[in-house]
1. Scan region 210-233 residue by residue and report those that are in contact with a strand residue (DSSP E or B) (Cβ under 9 Å, 6 or more places away or on another chain) and either within 15 Å of the ligand (Cβ to nearest atom) or within 30 Å of residue 153 (Cβ to Cβ) (or both).
2. So, in region 137-165, exactly how many residues are away from the ligand (no atom under 16 Å from the Cβ) and either within 20 Å of the chain's Cα centre (by Cα) or under 19 Å from residue 198 (Cα atoms) (or both)?
3. Would you mind finding the one in 169, 206, 241 that is out of contact with any Pro (no Cβ under 7 Å at 6 or more places or on another chain), of a type outside the set (S, T, N, Q), in contact (Cβ under 8 Å) with a residue 60 or more places away in the chain and within 14 Å of the ligand (Cβ to nearest atom)?
4. Report those helices (runs of 4 or more DSSP H) wholly inside region 1-118 carrying at least 1 residues which are closer than 14 Å to residue 134 by Cα and hydroxyl-bearing (Ser, Thr, Tyr).
5. Can you name the condition, by its number, that residue 320 falls short on among (1) surrounded by 15 or more Cβ atoms within 10 Å (Cβ to Cβ); (2) within 23 Å of residue 139 (Cα to Cα)?
6. Looking only at region 325-352, count every residue that is part of a helix (DSSP H, G or I), polar (S, T, N, Q) and more than 15 Å from residue 13 (Cβ to Cβ) and tell me the total.
7. Consider residue 258 carefully, then state whether it is part of a helix (DSSP H, G or I), of a type in the set (S, T, N, Q) and surrounded by fewer than 24 Cβ atoms within 10 Å (Cβ to Cβ).
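The values are calculated or read from the model by the stated rules, or taken from the named source; none is laboratory data. The structure displayed is predicted, hence computed values, not measured ones. Backbone-built Cβ (ideal geometry, glycine too); neighbour counts: all protein chains shown.
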Amino acid sequence: MAIGIDKIGFATSQYVLHLETLAQARGQKIEKYTTGLMLDALSITPITEDIVTMAASASKDILEESDKEAIDMVILATESGIDQSKAASIYVHHLLGIQPFARSIEIKEACYAATAGLNYAKLHVEKHPNSKVLVIASDIAKYGIKSAGEPTQGAGAVAMLVTTNPRILELSDDNISQTRDIYDFWRPNYSTTPFVDGIYSTKQYLDSLKTTWSEYQKRHHATLEEFSAFCFHIPYPKLALKGLKKLMDKDLSNAVKQQLTDNFEQSILYSRQVGNIYTGSLYLGLLSLLENSQTLTAGDKIGLFSYGSGAVSEIFSGRLVAGYEKMLLTDRLTQLQQRTPLTVSDYEKVFYEEANLDSDGNATFDSYQTGAFALEHIQQHQRIYVRKDHD
Ligand code: HMG
């Protein structure tokens with residue numbers, strides 16, 4: 001039975017921090033960001049835009065009424081949770097008007113969680129072929145003002161509808177995972193920003209890739225020539241490029257190297273403008289590849305490398321379905337150019353604003369631009385969301 005991604009959507013904030021602006025304020029050469037990290041801009045969320053509003057916006061754009069009747073599970077993967085108990089997917093389920101007899105959960109393992117969500121969705125649809133599962137990766141990557149990770153922040157959500165007979169990507173059964181207990185990047189409950197051992201984290205990312213790929217090759221007798229493109233978790237594009245170079249050994253033909261490199265360039269176009277969106281980053285890379293590559297064709301095999309600090313990694317693949325391009329957009333980069341640019345002092349204020357609760361647990365917020373949904377206020381510790389458009 002063919003199971004996979006039938007629809008895919010993306011949402012990000014309405015504000016952007018251009019790295020040229022940040023470089024000036026931080027006394028860095030712009031090339032450190034644009035060449036050293038391969039990043040140009042970061043999406044910045046105000047307090048009224050969070051993982052729920054972005055998740056709902058990314059999903060709203062792809063779902064029809066018939067999907068909402070058929071969805072019986074909503075999985076929201078995140079490491080920027082808004083509540084230790086209530087799943088963010090419950091808010092999304094309500095905001096989207098999905099039929100009530102559905103399971104809604106939130107899952108976590110750093111940037112890896114959406115891949116686990118995709119796996120669970122696939123197993124569920126295998127057992128219940130008429131059902132559809134909405135898997136959403138939604139995160140806000142916030143490292144702290146003047147931290148080493150500051151130029152790699154970002155925000156966004158990717159929503160994927162998993163069904164039988166998918167119209168975009170048919171998922172294969174070749175997943176190889178790896179777990180290692182490390183402290184490369186982590187965020188204890190008492191901290192609003194993560195603790196990061198930056199250089200160590202990059203080494204762990206690359207070593208997890210190398211060893212998981214070697215196990216994948218061993219178990220599946222696989223070679224890189226089988227793949228038309230490889231997508232990576234993208235904390236910043238330069239690290240993903242180092243990953244691709246690690247996979248391409250010296251015996252690989254120049255033609256294959258060229259194809260993989262060209263497609264890699266297409267897979268980082270959106271991340272260059274948005275920054276790290278943690279668990280959605282791999283899938284933003286996939287979306288960027290599918291919407292921008294001019295060489296992919298139906299049946300092509302695409303490899304995916306998922307990495308979440310802590311750490312869990314996984315390599316798996318999917319095959320492109322004939323007509324996949326009809327399910328995608330062609331103007332996403334233009335849409336990204338419409339975000340409102342922020343000065344550095346505005347970014348520091350807007351991105352790091354905390355709710356100022358009164359003694360009864362109420363807070364109101366200044367008016368900011370958001371997507372189709374907004375966190376309107378907090379009332380007696382309850383988050384009140386509104387839909388701003390009604391198309
Ligand atoms: P840094 O201070 O930017 O490091 O921190 P750097 O000084 O090594 O510079 C970075 C690159 O810019 C280097 O290139 C420099 O040479 C280059 P490389 O040697 O790597 O090829 N450079 C320049 N290039 C051109 N012109 C110039 C110039 N100057 C310097 N003038 C670091 C980098 C990654 C440590 C930092 O950004 C950081 O802490 N980031 C956060 C952690 C991170 O992203 N880790 C990635 C792996 S872990 C992961 O992926 C999981 C994660 O997504 C979280 C999760 O799972 O939940 C993070």
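1. 211, 212, 213, 229, 230, 231, 232, 233
2. 5
3. Working: 169 fails: within 14 Å of the ligand (Cβ to nearest atom); 206 fails: in contact (Cβ under 8 Å) with a residue 60 or more places away in the chain.
Within the list 169, 206, 241, the selection yields 241.
4. Working: elements: 19-26, 51-60, 65-70, 88-96.
Hits in region 1-118: 51-60, 65-70, 88-96.
5. Residue 320 satisfies every listed condition except (2).
6. Adding up the residues that qualify gives 2.
7. yes
Residue-wise test of (1) under 13 Å from residue 115 (Cβ atoms); (2) touching a residue at least 60 places away in the same chain (Cβ under 8 Å); (3) surrounded by fewer than 16 Cβ atoms within 10 Å (Cβ to Cβ).
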| position | (1), (2), (3) |
| --- | --- |
| 274 | no, yes, no |
| 292 | no, no, no |
| 295 | no, yes, yes |
| 300 | no, yes, no |
| 313 | yes, yes, no |
| 334 | no, no, yes |
